[in-house]
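What follows is a single structure, and I will ask about it in a moment.
FYI, it's all coordinate maths here, none of it is from the lab. Note that this is a predicted model, so its numbers are computed, not measured. As a convention, Cβ positions derive from the backbone with ideal geometry for all residues, glycine included, and neighbour counts pool all protein chains shown.
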């Protein structure tokens with residue numbers, strides 16, 4: 001029964017085959033060229049080579065009679081070689097004249113004359129493909145060519161031809177698309193019989209998948225473009241399925257092997273806090289709180305992602321969860337990526353939590369004496385909640401009973417940093433938060449091992465931000481409006497993409513703009529904030545801005561996340577065309593946090609490209625971060641989002657397209673869930689998985705052509 005229902009698991013754990021052999025044994029490669037392929041593309045085995053994806057295809061399948069070929073036509077012609085000769089006076093070239101019975105055409109070769117002189121012989125039947133030119137006669141310069149012998153199986157023309165990606169190093173060693181076609185064809189001849197279908201026949205048939213051996217053949221040498229598309233779809237399904245399979249199996253493994261009884265939540269403390277909140281939670285916040293509380297009461301560690309748009313109230317949700325954990329006698333660690341953000345969270349927690357709950361702040365700037373007291377309080381358990389930066393993961397930080405970890409803007413931390421904090425407690429619950437909305441297709445692929453809570457609604461008291469866009473030629477009118485608002489007591493952020501002027505980039509810098517604005521507004525206090533300042537300098541500037549000692553703050557994107565100054569009601573972003581949609585939305589979220597009407601002003605060049613103008617139009621038409629994230633994904637592809645899974649690493653899709661393959665992602669996720677559920681019904685097998693861990697069970701699946709997983 002197991003073999004029938006879970007064939008995909010069994011078949012992927014194959015023994016060593018031809019597929020695992022080094023590519024150096026393929027004709028035309030050898031040890032030296034094999035080392036180049038390994039260095040440039042990571043290709044070591046025959047299997048790696050077979051999963052090297054063409055970047056595009058050219059249709060050379062339709063041949064024309066030579067008499068019907070005209071200048072600038074892209075054609076494929078067939079003919080018999082009538083003459084091979086070296087021509088030219090100052091610059092020699094080889095001319096191969098072919099005749100198809102309707103007319104003649106010359107293939108002209110300026111390079112490799114001696115090679116081609118030996119290659120072509122009178123009487124050969126050949127295919128030429130390329131652009132038609134005319135110089136005394138019809139000709140194609142450096143045509144793609146193939147010889148038609150007893151077999152009509154050609155690789156380079158007369159068919160749908162794959163074009164492969166390359167690098168300058170590869171080209172310098174002779175690796176062009178023609179060579180890749182030859183060596184991949186040789187690899188297929190060697191390995192075709194060894195390519196196993198990992199799924200059972202029922203699944204392949206039900207999902208209408210192209211069988212894997214055919215898919216690998218057709219991704220390289222399709223008979224039609226449709227065949228190539230179906231092959232990509234099949235390989236994309238494999239990639240997505242095994243990713244989802246790993247994520248679900250890993251998640252199940254954690255739940256099965258980390259079962260433990262948790263202390264009971266003290267309803268009295270929790271309910272009292274909920275009743276004293278000075279505002280009403282949104283429906284999304286209430287739902288997120290309930291999902292988190294359910295996890296806190298489960299018999300396995302919570303592993304949840306809390307997604308919320310800018311200003312949606314994630315911090316309050318995390319605070320409520322913290323109260324629940326403290327009420328059961330455990331400690332909470334809240335890690336933020338910057339000192340400014342950590343200080344703001346600390347201020348919010350201190351403001352809303354009852355005095356009986358001991359909250360402290362620990363950062364790199366904490367004085368030594370105070371740090372010593374905090375470390376002692378964490379170790380003896382007298383500190384209930386610690387809020388801090390990377391300082392929390394240092395070895396000297398020890399907890400009496402760490403039960404809950406909150407990581408804000410989680411993508412800014414490396415996996416080792418998150419794991420380091422988690423080892424400071426016994427199976428602590430984990431909540432990671434992000435203010436960067438993640439498109440649904442990517443959340444399914446990047447975060448399939450996490451439970452996800454989403455907050456889309458904004459609190460009722462949040463005044464909508466008005467977003468306006470002006471060309472640079474209207475900048476003086478913008479300045480007049482800024483002066484008016486500063487005279488009324490409002491504060492302003494003024495954001496630029498770079499710190500200093502650059503000869504390579506035709507952009508205004510923060511430094512130059514700061515000097516310009518000082519002259520333009522001589523009676524206003526203007527400051528400059530950027531990433532090259534020390535933490536102490538940045539803290540001082542932000543504190544002055546928060547205390548209303550600064551009217552206008554010129555900055556780079558260092559203010560993108562977490563800055564919360566209620567009186568700041570205008571943000572101006574110059575060179576808005578240089579920012580991504582999601583980044584612009586994050587910057588816009590720095591205002592609209594107080595009682596005043598707020599504005600986001602986007603400044604763009606008068607000659608802005610159409611695509612950039614489209615981004616700006618999207619920003620002015622919606623303030624929904626999830627809508628913006630979907631549009632950003634469509635416009636820029638998955639690259640900007642992939643890598644947010646964790647700092648420095650990501651999931652590299654070679655066949656799947658998270659933008660356009662949403663339906664395929666959903667199907668792969670559903671099928672993977674079914675397989676993991678079947679495993680649970682086979683106790684002996686599942687016990688084996690629990691002993692060896694999902695990562696080891698799936699070692700055979702983790703080739704880069706199946707999935708590139710974060711470890």
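What's the exposure ranking of 554, 75, going from fewest to most Cβ atoms within 10 Å?
Neighbour counts put them in this order, fewest first: 75, 554.
What do you get for the angle between helix 339-352 and the principal long axis of the chain? Use alpha-carbon atoms, 0 to 90 degrees, nearest ten.
Roughly 40 degrees between the two axes.
Show me the ranking of peptides 401-409, 534-542 by mean Cβ neighbours inside 10 Å, starting with the highest.
So the order, starting with the most tightly packed, is 401-409, 534-542.
Can you give me the angle between helix 177-191 and the longest principal axis of the chain, using Cα atoms only, in degrees from 0 to 90, rounded to the nearest 10?
The angle comes out near 90 degrees.
Next question. Please report, in whole Å, how far the alpha carbons of the stretch 267-455 spread along each principal axis, starting with the longest.
47, 37, 33
What ranking do 109, 70 get, fewest neighbouring Cβ atoms within 10 angstrom at the top? Don't skip to the end; give the middle numbers.
On the way: 109 21, 70 11.
By the 10 Å Cβ count, ascending, the order reads 70, 109.
OK, next. Classify the stretch 422-486 as rounded, prolate or oblate from the Cα gyration tensor: take a ≥ b ≥ c as the square roots of its eigenvalues, call it rounded if a/c is under 1.5, otherwise prolate when a/b beats b/c and oblate if not. It would help to have the intermediate numbers written out before the result.
Values: a/c = 3.03, a/b = 2.52, b/c = 1.20.
Note, shape of the stretch 422-486 comes out prolate.
What is the calculated FRET efficiency for residue 533 to residue 419, with r their C-beta to C-beta distance and R₀ = 30 Å, to the nearest 0.05? Present the calculation step by step, with values, prior to reporting the outcome.
Values: r = 31 Å, r/R0 = 1.02.
After rounding, the FRET efficiency stands at 0.45.
Here is a further query. When the Cα centres of the stretch 63-141 and the stretch 575-604 are compared, how far apart do they sit, in Å?
With the stretch 63-141 and the stretch 575-604 each reduced to a Cα centre, they are spaced 60 Å.
Okay, moving on. Tell me the label-point distance for the pair residue 166, residue 99, using the 7 Å Cα-to-Cβ offset, in nm and rounded to one decimal.
The answer from the label model is 3.4 nm.
Another one. Using R₀ = 41 Å, calculate the FRET efficiency as 1/(1 + (r/R₀)^6) where r is the Cβ-Cβ separation of residue 74 and residue 468; round to 0.05. Write out the running numbers ahead of the final one.
Working: r = 48 Å, r/R0 = 1.17.
The value I calculate is 0.30.
Separation between the residue 194 and residue 524 pseudo-spin-labels, each 7 Å from Cα along Cα→Cβ, expressed in nm?
For residue 194 paired with residue 524, the spin-label model returns 7.0 nm.
Helix-only estimate, please: 222 nm mean residue ellipticity of the chain, summing -39500 (n - 2.57) across DSSP H runs of length 4 or more and dividing by its residues, to the nearest 500.
Per the formula, -12000 deg cm²/dmol.
By how many nm would the segment from residue 136 to residue 279 grow when fully extended, if each residue of separation counts as 0.36 nm and the alpha-carbon distance is taken off?
42.9 nm
Among 615, 192, 422, which comes first, second and so on when ranked by fewest other beta-carbon atoms within 10 Å?
Sorted ascending by nearby Cβ count, the order is 192, 422, 615.
Then there's this: Return, for the Cα atoms of the chain, the radius of gyration and Dmax in Å, separated by a comma.
Reported Rg and Dmax, both Å: 31.6, 99.
Something else about it: Could you tell me whether the stretch 62-158 comes out rounded, prolate or oblate from its Cα gyration tensor? Rule is a ≥ b ≥ c as square roots of the eigenvalues, rounded for a/c under 1.5, then prolate if a/b exceeds b/c, otherwise oblate. Walk me through the numbers on the way to the answer.
Values: a/c = 1.64, a/b = 1.16, b/c = 1.41.
Cα axes put the stretch 62-158 in the oblate bin.
Would you work out if the stretch 465-622 is rounded, prolate or oblate? Take a ≥ b ≥ c from the square roots of the eigenvalues of the alpha-carbon gyration tensor; rounded if a/c is under 1.5, else prolate when a/b is larger than b/c, oblate otherwise.
Cα axes put the stretch 465-622 in the rounded bin.
Expressed as an acute angle from 0 to 90° and rounded to the nearest 10, what is the orientation of the C-alpha long axis of helix 683-692 relative to the principal long axis of the chain?
The answer is roughly 80 degrees.
What share of the DSSP beta bridges in the chain is antiparallel, in percent to the nearest 5?
35 percent
What is the extension gain from residue 268 to residue 606, computed as 0.36 nm multiplied by their sequence separation minus the C-alpha to C-alpha distance, in nm to one decimal?
So the extension gain works out to 115.6 nm.
Label point 7 Å out from residue 121 along Cα-to-Cβ: which residues of the stretch 150-191 have amide N under 15 Å?
150
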